[in-house]
Structure formats: C-alpha cells, structure tokens
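**Student:** Quick one: this structure, given as structure tokens, is what I'll be asking you about.
The values are calculated or read from the model by the stated rules, or taken from the named source; none is laboratory data. Computed from a prediction, not measured in an experiment: that's the story for all the values here. In this analysis, Cβ positions are derived from the backbone assuming ideal geometry, glycine residues included, and neighbour counts consider all displayed protein chains. These area figures cover heavy atoms from the full protein model, side chains too; ligands, DNA and RNA do not enter into them. Shrake-Rupley method; radii C 1.70, N 1.55, O 1.52, S 1.80 Å.
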Amino acid sequence: MATLPSTHCCHTYSPLPPSSSSSSSSSSSSVSYLPSYSSAHGRLQRIAVPSTPKRFVLAKVSLQSQSVSEKNAVHMQDGPVAPVVNPIENETPFKKLKDGLFSAPSSKESKDITGFNVNENESTVSITVVGASGDLAKKKIFPALFALYYEGCLPEHFTVYGYARSKMTDAELRDMVSKTLTCRIDKRENCGEKMEQFLQRCFYHSGQYDSQEDFAKLDKKLKEHEGGRVPHRLFYLSIPPNIFIDAVRCASSSASSGNGWTRVIVEKPFGRDSESSAALTKALKQYLEEDQIFRIDHYLGKELVENLSVLRFSNLIFEPLWSRQYIRNVQLIFSEDFGTEGRGGYFDNYGIIRDIMQNHLLQILALFAMETPVSLDAEDIRNEKVKVLRSMRPLQLENVVTGQYKSHVRGGITYPAYTDDKTVPKDSLTPTFAAAALFIDNARWDGVPFLMKAGKALHNKRAEIRVQFRHVPGNLYNRNIGTDLDRATNELVIRVQPDEAILLKINNKVPGLGMRLDRSNLNLHYAARYSKEIPDAYERLLLDAIEGERRLFIRSDELDAAWALFTPLLKEIEEKKIIPEYYPYGSRGPVGAHYLAARYKVRWGDVGVEQ
C-alpha cells in the first residue's frame, strides 16, 4: 500500500466559509481577543487571517481612526469586526499559516499609540510556562516545544519564558531543560545545533503566582524580546489548581498582550465535582473570555484518539456498523503497571474516577459515540460531544466497582500496598481501580453497555478501545466454533498506547484439508506501517493552542455535562464510605469487575487468551 505524501508535520485545516460557524452556548472557538480590561490600549479590531480558517489576529487601531473603522465594520456582540479577507491563492496551507499568522516580513512600518515601532505584518509568539520548575514542565512541555521547533512548526519569531517561584538564572533554566530534550523525531538536522538554537530562545523570570508586580516585570521582559512586533502570548498553567485564579488574575491584568491575542492553557483537574468546577470556570471568566481558555486533556492529543473520527467517518465499512444494531458493547480500558510510588498525596485527594474516568475515558467515549458533525469546525465537533454527554443515563452505584491495590509478593519481590505510600493516609479508602457500566439513551446507542475500567498497579500498561460486535445470526459454523461464542465475535481494537495499532479480529479457516477455524487479526501496526515516529500528545495540543484550533480542548458546557454525570456517584461513594475491593499489586484487578461485565453478558476483551 502506497504511503500518502506528507508535506510537513505541522497540520493545517481546510478553510471554511464564515457562514459555516455553528452557534453554541459558548463564544465562537475561532476568534481570540482580549477581555475588556485591555480596552485602555486602544480599540480592538479583529482581522481574519486568510491562511487558516477561523483564526484571527487582533490589530490595534489608533483612536483617531475609530470613526472610519466603525463605519466599515460589521457589529457583533463583541465589538466591530473587520470584513473577511479573501484567501491568497497558490500557497501551501503551512506557508500561508506561517506568513499570515506568525511572521510576514515587510519594510513598511508604522507607530502605534504606545510609541513602539510596529511592523504591522510581523508578529511574535511568547510562550510562558507558569510553574516551569515542576515535573510536567520539565518532562513534557519543554520537550514538546523543542520538538515543534525541531520540526519547523513554531513561528520565525518566538520566545519561551519559564516562570516560577524558584530562584534561577536563564543559564540554569537552559541547563535544566537541556537534560530532557531529545531529537527523537528524525535526524535530518544537526541535533546539538538545533538544541542550542532552541535554548537561546528560552529565558526565566522568578516571581510569585499572586503578584501583579512580578507579572508586570515579566511583561517588561516579554516586550523587550517582542521587539515592537504584534505580540501574541500563550500562558501554560503547569501549577496546582488552587493557584490557577491568582495566576490568571495577575497575568491578565499585568502581562496580557496589548494588541495581539492572549490565551491560557489550563491543566486538569478542573475541580473535584460540579460545584468546584463551576466555581473555577466562573472565576476564570472574570478575567478571560471562554475562547481564551484552553482546557487541556492530553489524551485527546493521542494519535489513535485523533484518528477515531477518520476511521469512522471516512471508511464506508465502519459507519453503517456504528450503532446498536451491530455493536454489542464498547469497552474503554486504561491500566498502569505501577502504583503511586511516593506521589500518592495528590492522587489520594482525587482517586482513579476523577483522575482518569471522568476526563480521559469519558472524552474518548463522547468522540466515539457522537453523531456526524456538520463540519470539522471545533464548535461543530464539540456540540456533538455535548449531546452525547447529556444523553447519558445517570451513573448508579450498583453499576460501579471500586478497588484498591494491596501488597503482593511475586518472584521474591515484595510490592507495596497503596497505603504503604508514606504520602497516603493509612486508613484511606480512595479507589485506585474502578469499573463502570454506562449507557447512552438515544436512538443510536439505546441498550448498548459502554464499559469503562481504569486502574493502577495492574498486570500491564495499556489504553485501548474495544468494540465487540454482535454474534452472527444463524451462524453456519457454530459447530466448528464450539460453545464459546464470545471467542467467535468480531472485535475492533483501537490500541491508544503503547505500541499503537488498529486490529480487526475475524474468524478464518486454518489452511488444511479439514474445516478448522481460528480467530485472526487484520493488523494495522503503526510502527511497522509508518516509519515516522508518532508525536507526543503535548506537541499536537501546544501547536493547536498556538494556532487557535480548539477541537481537542474542552469547552465549559462539556465540562459541566461530564461532572453532572459523575458528581452524584462520587458523593455517594464518599458519604457512604464505600470500602474498595482489595486486589494484589500486579493482578488483573478486583473480581467484582468481572461480575459487573457478566451482568450485561460481556467479557472483558483484555482478559482472554488472545491479546
């Protein structure tokens, strides 16, 4: 099979006409602008970037030109909007993206009302990692930014700033970051040289997360590096959720862009329940508009999750089968082969249901089960996901099994129990395993069980979606198959990690003179099929945030619907002090999970002989 040509790793999206934007409960996902506090810098006007759909750059208009701008603008609820510029012909999407959104050098310069020399066609992006000294920043964010730079996906003019309370120099930050960088994508460029070039773009500023004065000092440093270009600023909040609001308040008032876009990436957890999540959203919206908030769930950036809609909507063989008529059950499985390992303090406050099921697995379920969206526009996709979440039946305690791993000796090695972790209370009832049966009460999925299970300290590490189809009516080969019809069921396996693959399990005749059947795999193994290494999820999501693409980020009403589904269950578990079923470290989890599946005549797909 021939490989489709690829011009660049940096993805682009096909332009859509302005009228294709769908209405929703939130602001349009494609426009980025500053909240009202920035109006003192001059009137804000949106100008459509011709190279990419629904991505806009804010241009500052001098006070003297207000009357002319208002005459020619189309008025909407957010203020005057400039007419859409027609797309430029005969340019590649990526070239137009870089030239239009990031940097189009020009000799024509003008002065804005603040007195800076501004090239109106040039822009720069400043990426500030708030909490730069933490593990997430060191292990994921900085390496992802370097990978994007290595592949040529970042704009010509960009700066990376680390911000944290730790005292550190620029050189010390670069030394810290350099230890986590790898040129793992390919070797077409000199690795050491590219690393050095990237590190020279990295700087550090020490400050408190609740200090407007410290963020104002950061703003001054950013302006020095922006050099009078149109500034776009992205803040990544790699900090505990209890200080989100302080950081956003200070960044918005003291370090937001004066005449470009300002965006904030917020890491999970987005609250502990419906009430705390709503309070967090309300507080964030005091300082930011909805389309400035990028709630990141890194599982939505996984290659196989991104491929879900392609698999379903662009292959004729799958879409007709995607319903209760042909699918018997759907399983979403997440397992880790290690425990909390000294990091139980954070986990004990949330548990496996909040940490994995309410966000990662539920988001995948919504993408899997949604109806065909009107378009690939972010709002159209997120509208369909919200419909799925709102159609789901409230979770009942009888449809949930919780577990907690206990100490186990295997091969002469003693593996600790969850409560052996010194950061975990000895009497903790926090589940490290959970399995649940969920149902979607709509015409497509009525009666189909969606089984989720997630756990730590299990026998292997995996994340996958397993789609088990119904038995063949009146199967002529039942006598050859035997009594175990489940082994003869067709199954589609989408392995998200590790060793990404798409498998279709079919019944096949074993070569020979007799009639003997076995179960075989039609196997799309990514490592064997594609020579290019799969990018990390954070690379895709960071690039999307810079480009203003919101498909893979969570909207506030999505978040509300997800918490509405799980909050009553979580409160019941905690109020009744439900004791989890204990399972040995390294096992397949609690026995109760198998009884739960059996109640709906289902067998977990990862337990059988064939993996």
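**Student:** How large a share of the accessible area of segment 395-464, in percent, is made up of carbon and sulfur atoms when the probe is 1.4 Å and the other protein chains stay in place?
**Tutor:** About 51 percent, which is the carbon plus sulfur part of the accessible surface.
**Student:** So how do 518-529, 576-587 stack up, highest first, on mean other-Cβ count within 10 Å?
**Tutor:** Numbers: 518-529: 13.7, 576-587: 16.4.
Ranked by mean Cβ neighbours within 10 Å, highest first: 576-587, 518-529.
**Student:** Starting with the highest mean, order 353-364, 161-172 by the number of other Cβ atoms within 10 Å, averaged over the residues of each peptide. Intermediate values should be presented prior to the final figure.
**Tutor:** Values: 353-364: 24.0, 161-172: 17.3.
Put in order of decreasing packing, that is 353-364, 161-172.
**Student:** Here's something else I'd like to know. For segment 121-267, which whole percent of the accessible surface, found with a 1.4 angstrom probe, sits on carbon and sulfur atoms?
**Tutor:** C and S fraction of accessible area: 46 percent.
**Student:** Can you tell me the order of 293-302, 494-503 when each peptide is scored by its average per-residue count of other Cβ atoms within 10 angstrom, highest first?
**Tutor:** Highest-to-lowest ranking by the protection proxy: 293-302, 494-503.
**Student:** Using the heavy atoms of the protein chains and a 1.4 angstrom probe, tell me the accessible area per residue for segment 121-267 in square angstrom.
**Tutor:** With the other protein chains kept in place, segment 121-267 gives 36 Å² per residue.
**Student:** How big is the C-alpha Rg of segment 121-267 next to the rule-of-thumb value 2.2 N^0.38 Å, as a ratio?
**Tutor:** For segment 121-267, the normalised Cα radius of gyration is 1.00.
**Student:** Could you sort out which of K179/K453; K140/K217; K456/K505 sit more than 31 Å apart by Cα distance in this structure?
**Tutor:** Over 31 Å apart, Cα to Cα: K179/K453.
**Student:** Separation of segment 501-541 and segment 285-313 by C-alpha centroid, Å?
**Tutor:** 27
**Student:** Pop out the ³J(HN,Hα) list for segment 578-594 in order, Karplus 6.51 cos²θ - 1.76 cosθ + 1.60 with θ = phi - 60°, rounded to Hz; leave Gly and Pro as x.
**Tutor:** Values, residue by residue: 4, 7, x, 7, 7, 9, x, 4, x, 8, 8, x, x, 5, x, 5, 6 Hz.
**Student:** Can you give me the long-range amide H partners of E581? Hydrogens built in the peptide plane at 1.01 Å from N, cutoff under 5 Å, separation of 5 or more residues or another chain.
**Tutor:** When sequence neighbours closer than 5 places are left aside, the close amide H contacts are T402, G403, Q404.
**Student:** Per q in 0.11, 0.13, 0.15, 0.16 1/Å, what log10 I(q)/I(0) does a Debye calculation on the alpha-carbon atoms of segment 337-439 return?
**Tutor:** Normalising to I(0) and taking log10 leaves -0.49, -0.63, -0.75, -0.80.
**Student:** Quick check for you: with a 1.4 Å probe and neighbouring chains kept, what is the accessible area per residue of segment 319-428, in Å²?
**Tutor:** I get 42 Å² per residue for segment 319-428.
**Student:** In whole Å, how far is the Cα centre of segment 319-393 from that of segment 165-230?
**Tutor:** Segment 319-393 and segment 165-230 have Cα centres separated by 35 Å.
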